[in-house]
Each structure stands twice: as structure tokens, then as C-alpha cells.
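The values are calculated or read from the model by the stated rules, or taken from the named source; none is laboratory data. None of the values given here were measured: they were computed from a predicted structure. Heads up, the Cβs are rebuilt from the backbone with ideal geometry, glycines too, and the neighbour counts pull from every protein chain shown.
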């Protein structure tokens, strides 16, 4: 009898293992994931959190979807406002909203990246880039980036996708256009250099004119003063005198200023 019981227990264990393996009544939702229970084609009205969940074999199953932050980087080609073709390289970080995973599965399924995310990203990039001229876009990349991020967040929030960041990594134009831009920038720099030189020359000329006018005015004032004041003439002569008296052929020296006091 004991042997029969042991055989029965072994048989039950084997049947249980077979049941577990083939029927799979247990579903595990891992860290950073959410489960969606589907029963006879009907999606559950809630998302299942991390952990172990039991389902009815052959009737129910749990689909697991990632809710961690994920990165998407796919270059796309667009046209600027002035009809220049540009290849935009970007990086976007996003995640599914955990509380709405079951709704995403019901509306789109597992492949929401190709169905919703990428079309939204490319559409908004084309919309924003199309408002900028090619040369202005390079200088205003940060503004364009912020505009795209804002549009993505507003649009995708309604579709249960949270966009946490968006960055334009690179903007590549055709070689012909880039050479034209380089030539234009070089010409502008040369023009600015010439303008600065002109301003410098004009400023130097202005300073010289001011100095000349000041000297002329000073000379006029001195001339007027010397004309009106004879003593000032003698004072000026003393100021310039080197202390030597002029000598004549007869050997006499006479003062060139009348030193006799007036009576």
C-alpha cells in the first residue's frame, strides 16, 4: 500500500510539472515592466504591476511591456524654409506611462514605436525645421530643439507616451550648400574687418583734427595775448632764452631784452 501511495505521489508531481510546463498558468512581470492580461481576446481594464500573476491556461495570458526610459536615435531628412535639404540626427528619451499600458496595448499593440512614436517625432521635426532658414537654424538649434520637445510632449502625452528629453545631435547639409555658407561667413568676416579698419582710421583722423584745432586755438590765444601785452613778449623770450647773449663782429654782447626798469 505504501508503494502504491508513493507511486501516486510521484505521478501527481509529474503531472503537475507537465501542467506547469505546457499550460503555463504563471506569468512573471519583471522590474521596469507592466503586464496586460488578455482573456479570450479581451484586454483587461488595468495594468499588472511587477511580480507573479496567475492566469487561466488556454484562456488568459499576460503580455509584458517595457515601461523603463528608452532611447531612440534615427536620422531623418527634412527641408528648411529656404528649401535646403538637411539630415537631422537626434536622440529622444521616452517611456510608456505605466498606468496606461493596457490602453496602449488595446489601441496599438506592442509595436507602438513604429506606429506612433517615430511618425510623431519625424512629423514635428519637419514642422519645426521647415520654419527656419538653413543658416539661421544652425545658430538657433537650441530654440528649435526646445520647440520640438514641447510639441512632442504635448502630442504624445495624449497617446500614453512620456517624452523626457529630445536633442538634435547634428545637422548636415549638402556639400555645395556648406561651401556656400563657408564662403559667405568668410566674406562677412572680411567685410567686418574692413569696416573696423575704416572706423579706426576715421577715429584716428578725428583725434588728429581735434588736436590740430586745439593747437590752432592755443596759438591764436597766445598770439592775441602777445599782441596786447608787450611785457608778455619779453617773458616768452626769457622762457626760450638759453642764457647766452648774442655776439657781434665787434665782440660786444648786448642783451636782446631791455632790462632797464621803467621810470
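Things to note:
- Annotation note: of 74, 143, 154, the sole residue that is out of contact with any strand residue (DSSP E or B) (no Cβ under 7 Å at 6 or more places or on another chain), within 30 Å of residue 174 (Cβ to Cβ), at pLDDT 95 or above and surrounded by fewer than 16 Cβ atoms within 10 Å (Cβ to Cβ) is 143.
- Remark: residue 172 matches the filter, which requires a residue to be more than 30 Å from residue 42 (Cα to Cα) and not in a helix (DSSP H, G or I).
- Hey, residue 110 under 23 Å from residue 32 (Cβ atoms), outside any strand (DSSP E or B) and modelled with pLDDT under 95 or not: yes
- The sole residue among 83, 62, 88 that is farther than 22 Å from residue 157 by Cβ, outside the structural domain of residue 163 (by TED's automatic domain parsing) and not in a helix (DSSP H, G or I) is 62.
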